[in-house]
Amino acid sequence: MEPDQIVALCKQHTMYTWKARNAANPHPISKAEGIYFYRADGKRYIDFNSQLMSVNIGHSHPKVIAAMKAQLDKLIFVHPQTATEERARVSKKLADIIPGDLNTFFFTLGGAEANENAIKAAKLYTGKQKILARYRSYHGATNATMQLTGDPRRWANQPGMPGVVHVMDPHPYNFSFGKDDEEVTRNNLQYLEEVIQYEGPHTIAAMFIETVTGTNGILPPPKGYLKGLRELLTKYKILMVCDEVMAGFGRTGKLFAFEHGDIVPDILTMAKGLTSSYFPLGAMAVSDPIAEHFKENVFWGGLTYNSHPLGLATAEAVIDVLIGEGMIENAAKLEKVMRSEMDRLTAKHPSLKVGRCIGLFGMCDIQKNSKGDLIAPYNGTHPAMGELAKFFDDEGLFTFVRWSHFMCNPPLCITEEQLLEAYAIIDRGLDITDKAFEG
């Protein structure tokens, strides 16, 4: 097909996420390789967001493609009440590499389904019904996970599952709980404990957190927060669920982000990097006590594509590439380069308020004045941000520009030279937002 025909038919016969159909303006994409993808007309883009923070090993890795092709000649699908070699190998591999006692897995087709089933597991295990979640969060677009989600995408989907109680993050949008990490952690956990007491700890099954907040800020937790939160929730017999759909599988410079806090959650959810998005697959991991409970008690969850053999074979190959080719270590090493570039651009461009990163999980905030006010309000926009997004697109840099922010989440196979090439484009683009800076 010609590029225009591809776009026209896709818009005519399909619906796009988070957009009215007439507002969609999709690029016709024909191929992808490494850190790049290509339009049908040949234009190349640096994938500076790993698509949806998900193509962690880069596009079209030959070892993974070979493994997927080989699986097609073996076993493509059987119903989930069977046992397969792929299910055996991958569950054992995950049990071996994930820290702590997270040794039992329920496989899904994505992160939202993993979180849906984590809700079920938490409620069934504890016999309690309420769930705590944070406002600056995104946990998926299914009915229940949309209610866990704190950001504005939740609004149009309400009312939904009852019993979700939202609380403030350690780093709210327009103020702080303190001046340093110790004060922020102490004040936020004191506030959270009061909310728990108001709601009744005997009614709360679990608290869901993105270990590092994703689309709503790329916010690494302040020092001591994860450990303090773990202790607080344990005190009140509330399960801790870490959603690492974005942060997991090397994105933060460790296999999972909870390792930075020296904790182990009761339940861990994952997807995206699990297969690097080569095939839809997610998983819920549960601790040994929860797994033991479901030996004698029914887990009331099921999916046609639970433990899909092709997805599991893909995951096995992706994990081998991620670990075997040192991509987690590369993310940790290049964090310093990303940090240095963010600092350089902050010093050069008055409109760049701050850049944050942990591993190759990053975001930059744009300000409108020297007081540090963000250029757009919460859930708002500004013409300069639209111009910035267009500039990035014109220059062949793909990333998400949202509200007052833009993402910096390249594939973990990126080289230092490629990373610097991307920041050179960003450097030129920030001249646009500098013009909107009010002084």
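The values are calculated or read from the model by the stated rules, or taken from the named source; none is laboratory data. What you see is a predicted model, and the numbers here were worked out from it, not measured in a lab. Ideal geometry is used to build each Cβ from the backbone, glycine not excepted, and the neighbour counts take in all protein chains shown.
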Among (1) touching a residue at least 40 places away in the same chain (Cβ under 8 Å); (2) assigned by TED's automatic domain parsing to the domain that holds Q418; (3) outside any strand (DSSP E or B), the one test that M68 misses: (2)
Some residue of region 276-297 being within 22 Å of the chain's Cα centre (by Cα), surrounded by fewer than 18 Cβ atoms within 10 Å (Cβ to Cβ), at pLDDT 95 or above and closer than 22 Å to G362 by Cα: no
From the options I65, I6, I46, residue that is of a type in the set (V, I, T), over 23 Å from the mean Cα position of the chain (by Cα) and farther than 20 Å from F279 by Cα: I6
Residue within region 339-346 that is within 21 Å of the chain's Cα centre (by Cα) and within 30 Å of E116 (Cα to Cα) present: no
Criterion: free of Cβ contacts under 8 Å to residues at least 40 places away in the same chain, assigned by TED's automatic domain parsing to the domain that holds R136 and among the β-branched types (V, I, T) - qualifying residue of T234, T185, T275: T234
In region 79-117, the residues that are crowded, with 19+ Cβ neighbours inside 10 Å and of a type in the set (D, E): E86, E113, E116
The one condition in (1) surrounded by fewer than 23 Cβ atoms within 10 Å (Cβ to Cβ); (2) within 17 Å of I65 (Cβ to Cβ); (3) not hydroxyl-bearing (S, T, Y) that A313 fails to fulfil: (1)
Region 366-380, residues that are in contact with a Phe, Trp or Tyr (Cβ under 9 Å, 6 or more places away or on another chain) and within 20 Å of H349 (Cα to Cα): I366, Q367, K368, N369, S370, L374, I375, A376
Checklist (1) at pLDDT 95 or above; (2) more than 26 Å from I425 (Cβ to Cβ) applied to F37, failing item: (2)
Per-region count, region 345-395, residues in a loop (DSSP other than H, G, I, E, B) and either surrounded by fewer than 19 Cβ atoms within 10 Å (Cβ to Cβ) or β-branched (V, I, T) (or both): 15
Candidate set: region 128-166, residues that are in contact (Cβ under 8 Å) with a residue 60 or more places away in the chain and over 19 Å from the mean Cα position of the chain (by Cα); chosen: the one surrounded by the fewest Cβ atoms within 10 Å (Cβ to Cβ): Q129
